[in-house]
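What follows is a set of notes on a single structure, which appears directly below.
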Amino acid sequence: MADPHKALADEATHKLLRLLRHLHCYSHHMQQHGISGRQMAILLHLAEDGPVTVGQMARYLYRSKSTASTTLAALEKAGYVTRARSTQDQRVVAVEITPAGREAIARIPIGGIPLLRQQIKTLPPEELEHTIVAIERLMGLLDLAAD
């Protein structure tokens, strides 16, 4: 006789792995458009929220300032963003999307984490709370600290 608990655990694992595979495939698909999923996430964030500092972008990406700066440099080289030092504080660099960056958003299909970031906002608060709890439980199973 099949163990129903094992069947549920297997289904949960399958769905999680399917989600991770989708994100991985989307990332490879984006490379065909000459942009990474992270770069697309940056463009979408800038288009939605306006100019931000490199530090703010690093926090948005959950990456170091160095990684964010390297990614932004590639976007700047492609003409998708501009970076400018603050006149008040030379340590602060503001990043802004360009018309070419907006065109890239319109031209390139959105998927993966950029789409997840957009769509998750449409869930009702109660569903978001349940999702957070479930993800935190999974993180605990892997000994990852919840923020």
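Overview of values
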| item | result |
| --- | --- |
| Residue within segment 32-52 that is in contact with a strand residue (DSSP E or B) (Cβ under 6 Å, 6 or more places away or on another chain), at negative phi and of a type outside the set (A, V, I, L, M) present | yes |
| One residue from ILE105, ILE110 being at pLDDT below 90 and surrounded by 12 or more Cβ atoms within 10 Å (Cβ to Cβ) | ILE110 |
| Candidates ALA68, ALA58, ALA78, filtered to the one that is touching a residue at least 40 places away in the same chain (Cβ under 8 Å) and among the aliphatic types (A, V, I, L, M) | ALA78 |
| Out of GLY112, GLY101, sole residue that is in contact with a helix residue (DSSP H, G or I) (Cβ under 9 Å, 6 or more places away or on another chain) and either within 30 Å of GLU136 (Cβ to Cβ) or aromatic (Phe, Trp, Tyr) (or both) | GLY112 |
| Subset of segment 72-103 [part of a helix (DSSP H, G or I), over 16 Å from the mean Cα position of the chain (by Cα) and within 20 Å of SER36 (Cβ to Cβ)] | ALA73, ALA74, GLU76, LYS77, ALA100, GLY101, ARG102, GLU103 |
| Where SER69 falls short, out of the listed (1) closer than 22 Å to ILE110 by Cβ; (2) assigned to a helix (DSSP H, G or I); (3) within 16 Å of the chain's Cα centre (by Cα) | (1) |
| Number of the condition not met by GLY50 [criteria: (1) modelled with pLDDT under 90; (2) out of contact with any Asp or Glu (no Cβ under 9 Å at 6 or more places or on another chain)] | (2) |
| Close pairs from segment 8-31: first closer than 16 Å to ILE110 by Cα, partner of a type in the set (S, T, N, Q), Cβ under 7 Å, at least 6 apart | SER27/SER36; MET30/SER36 |
| Selected residue (criterion: surrounded by the most Cβ atoms within 10 Å (Cβ to Cβ)) from residues of segment 1-39 that are among the small types (Gly, Ala, Ser) and in a helix (DSSP H, G or I) | GLY37 |
| Qualifying residue in segment 110-119 (condition: within 29 Å of LYS65 (Cβ to Cβ) and either in a loop (DSSP other than H, G, I, E, B) or over 17 Å from the mean Cα position of the chain (by Cα) (or both)) | yes |
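The values are calculated or read from the model by the stated rules, or taken from the named source; none is laboratory data. Please read all numbers here as calculations on a predicted model, not as lab measurements. Note that we place each Cβ from the backbone using ideal geometry, even for glycine, and neighbour counts take in every protein chain shown.
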